[in-house]
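Got a structure for you, questions after.
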Amino acid sequence: MARFSKIEVLQAMKLTGMVPVFYNADVEVSKQVIKACYEGGVRAFEFTNRGDFAHETFATLSRWVAQECPDMVLGVGSVVDAPTAALYIQLSANFVVGPMFNAEVARLCNRRLVPYTPGCGSVTEIATAQEAGCTLVKIFPAGEVGGPSFVKNVLAPMPWSLIMATGAVEPTRENLQAWFKAGVMVVGMGSKLFPKSVIEERDWAAITAKCREALAYIAEVK
């Protein structure tokens, strides 16, 4: 069962404006990355379902986060079907993110009041997801579907939309502020926040510093 309500999850995302996106099969590495982000001010973290036995890693992380990072909202990403969503919800996922919209996932998550943020690449897909109860939608891949300009143009006729941008998001002042000036509620960021060399060198302090820097850029424009 999720530790945080749907409202609390969305509020955490809105307040910070950034959700790190990460996967590593090594549970100890994942713990250190989450802890580094937490110390950097992050309060919502997406662990992606991208490897064999990823759910087992998530189960361990979920219990650990509850003890060591009590205010961190831990969710799952890269979910493409309802059985996978159900598995992670049983493991206390507080939100579910997918690369595309799946109506069965929406129904499942709505039944448990767990936020489901599907990937959308058009106005019609966004509207379909909203009709199915998705409060927050993800434009993905954000750079390819039109970047900040796409967000701005969607919000003109659909100003009620809450949008997350994932893909082509970088932890720089220019990039982040372009997304927020366009109107996103939150951004998702992976490889740019966790360079391979940083993970290999176990430089957790660098991740904390980068999170603080990125959140500061976001705060300037929100």
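Could you work out the helix-only [θ] at 222 nm for the chain, with each DSSP H run of four or more residues adding -39,500 (n - 2.57) and the total divided by the number of residues, to the nearest 500 deg cm²/dmol?
Rounded to the nearest 500, the figure is -15000 deg cm²/dmol.
Of the accessible area of segment 75-222, with the probe set at 1.4 angstrom, what percent is carbon plus sulfur?
55
Another question about this same structure. From the C-alpha gyration tensor of the chain, pull out the three semi-axes of the equivalent ellipsoid (sqrt of 5λ each), sorted largest to smallest, in whole Å.
24, 22, 14
Please list, in order along segment 146-151, the HN-Hα scalar couplings obtained from phi with the Karplus expression 6.51 cos²θ - 1.76 cosθ + 1.60 (θ = phi - 60°), rounded to whole Hz, x for Gly and Pro.
x, x, x, 4, 4, 4
What accessible area per residue comes out for the chain, rounded to a whole number of Å², with a 1.4 Å probe?
In whole numbers, the chain has 44 Å² accessible per residue.
Here is a follow-up. Once amide H atoms are placed 1.01 Å from N in the peptide plane, what residues at a sequence separation of 5 or more from A44, or on another chain, have their amide H within under 5 Å of its amide H?
V73
Please tell me the relative contact order of the chain in percent, rounded to the nearest whole number, where contacts are Cα pairs under 8 Å and at least six residues apart.
22
Continuing with the same structure: Name the residues whose placed amide hydrogens come within less than 5 Å of the amide hydrogen of C120, ignoring near sequence neighbours (fewer than 5 apart) on the same chain.
K138, I139, F140
In a GNM of the chain with a 10 Å cut-off on Cα contacts, which of V96, V186, V145 has the highest mean-square fluctuation?
Of V96, V186, V145, the Gaussian network model singles out V145 as fluctuating most.
Under a plain spin-label model, where a point goes 7 Å from the Cα along Cα-to-Cβ, how far apart in nm are A206 and R3?
Calculated label separation equals 2.9 nm.
Let me ask something else about it. For q = 0.11, 0.16, 0.23 Å⁻¹, what log10 I(q)/I(0) does segment 1-132 give under the Debye formula with an equal point scatterer on each alpha carbon and no solvent?
Here log10 of I(q) over I(0) equals -0.35, -0.74, -1.48.
The values are calculated or read from the model by the stated rules, or taken from the named source; none is laboratory data. All of these numbers come straight from a predicted model, not from anything done at the bench. Glycine gets a Cβ as well: all are built from the backbone with ideal geometry, and neighbour counts include every protein chain shown. Please note that ligands, DNA and RNA were not included when accessible areas were found on the heavy atoms of the full protein model with its side chains. Shrake-Rupley method; radii C 1.70, N 1.55, O 1.52, S 1.80 Å.
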